[in-house]
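Computed from the coordinates by the stated procedures, all read-outs in this text should not be read as laboratory data. Predicted, not measured: the structure shown is a model, and the values here were computed from it. Because the Cβ atoms are built from the backbone with ideal geometry, glycine has one as well, and the counts that use them run over all protein chains shown.
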Amino acid sequence: MRSVLIRSALLVALASACSARGSRPPFIPLEDRDVILQAQMVEHGFVSVLEAVQSLRPNWLLTRGANTLVGTPSQVIVYQDDTRLGGIDVLSSIPTAAVLWVRHYSGVEATGRWGLDHGAGVILIATVP
């Protein structure tokens, strides 16, 4: 009985030591494959958002098969602060210094948020205020 109490006390002490507030910094972001942060773009020395996406997340730029409604290939659409800019070619004109983060939405997510003509996905850019 005594060994069970000691073992339980040790487990409680170990668990509380592992969850102590001072054991790790308060905010360590885990890598999100749907987001590129400004710090990542600066770290790699990218000049434009297109360079960053081509290097760090090239799969975001892939076009999908034909859109069955209109018969043309779906293209990724770019938004900046919720304003539609156009296709991925506009990414080359957006400097990384003006960007807080870039987020990719899959075709399913984009269709649910922006409509049926967004089946290839969306790249949303948040700029520095």
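Between residue 32 and residue 56, the modelled label-to-label distance comes to 1.2 nm, taking each label 7 Å out from Cα in the direction of the beta carbon.
With viscosity set to 1.567 mPa s and temperature to 4 °C, compute the Stokes-Einstein D of the range 29-127, Rh being the Kirkwood radius across alpha carbon pairs; µm²/s, no decimals.
Result for D is 95 µm²/s.
What is the gain in length, in nm to one decimal, between residue 97 and residue 48 on full extension, counting 0.36 nm per residue of separation less the C-alpha to C-alpha distance?
16.8 nm
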